[in-house]
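What follows draws every value from the coordinates through simple rules; no lab data is involved. Source: prediction; values computed, not measured. Cβ coordinates were reconstructed from backbone atoms using ideal geometry, including for glycine residues, and neighbour counts include every protein chain displayed.
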Amino acid sequence: MRATSRKRWEPCFNADLGVTAGGIIVSQFLTKDTTDYHHFRPAVEFVRSNLGQPGRWIGDGHYSTEANIVLAHECGVELFAPRQRAPERPPASSPSVGVERAPTPRARGSDTHTRVDFVRDPEKNVLLCPAGEELRFMGEYPTDSGRGGTYVLFGRSDCTGCPLKERCTQGKGRRVKIPRRSEESETPAVLAEPPVTSCCDAELVEPQQADDVVALIRALEQRMAEHGAELMRLRGTTVELVNAHLKQHGLARLHVHGLARCAVVLTLACIGHNLSKWAARLAAVRMGLSP
């Protein structure tokens, strides 16, 4: 996946950790997702099935999507996560003399290939370009429309030698954005996905009333306005501290290949972390520093 900290492609995975206020890891798994938008569902299901009902859940901005907010409400979990807002665009103004306008993209129906010419293969999770080449999945990101939607990004790094390259892109490769929610749905059949069921509720993917979703979002924003700063500091001293400890003890770079093997390494590292917490707790009890 693309390592955003180094701005280059690297073989890596995305680890998700669920940590208690005392620094004990209660949920962990490894995925190929470049974002955490879809991590809340398996994490909360794992905690509910093994440890019982959690009261509060503090996450980062990727946990504040509409689907996750509805999921938390249906599961009876009080979610705290900062809402990601799109940056405000400057007001449009007429160009002054001597300022060159950006080239206007060609309209649909011209010789330029747009995203409607690309077909998605749900089994491989790739896009097929008009020339039959595959554009692989790069991640899902929030849009800048301010409506809470996201878009899926597919890309191919090198299109050199393609006979349709001049009609497709002027760069070395090609990237295609497919919006998840849009008033102008151009490819509904391509974007259609099967519903996802879980132990929490089988009808969480599509809420019945949009007003209910808006009310849940406003409730989350109200909670964040009242207690968000304090809880985000708590998150920084718990899960972020655990993340730093794991990296300090050798998890900064995995020395095995494959998702399954790397997941085993992550599991062993989490077990070692919890054992060290247990040993520190016993030592504190013997010294009379903790009840």
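The table that follows gives values for the structure above.
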{"quantity": "Calculated log₁₀ intensity ratio I(q)/I(0) where the Debye formula runs over C-alpha points of segment 211-291, q = 0.16, 0.23, 0.24, 0.27 Å⁻¹", "calculated": "-0.84, -1.02, -1.07, -1.20"}
{"quantity": "Among the listed pairs Lys32/Lys124; Lys32/Lys172; Lys32/Lys277; Lys32/Lys165; Lys177/Lys247, those beyond 23 Å (Cα-Cα)", "calculated": "Lys32/Lys172; Lys32/Lys277; Lys32/Lys165; Lys177/Lys247"}
{"quantity": "Potential extension, Ile24-Gln222 segment - 0.36 nm per residue separation minus Cα distance", "calculated": "68.4 nm"}
{"quantity": "Two-site label geometry, Ala279 and Lys177: point separation in nm, points 7 Å out along Cα→Cβ", "calculated": "5.0 nm"}
{"quantity": "Listed peptides 44-57, 22-35 by packing density, highest first (mean Cβ within 10 Å)", "calculated": "22-35, 44-57"}
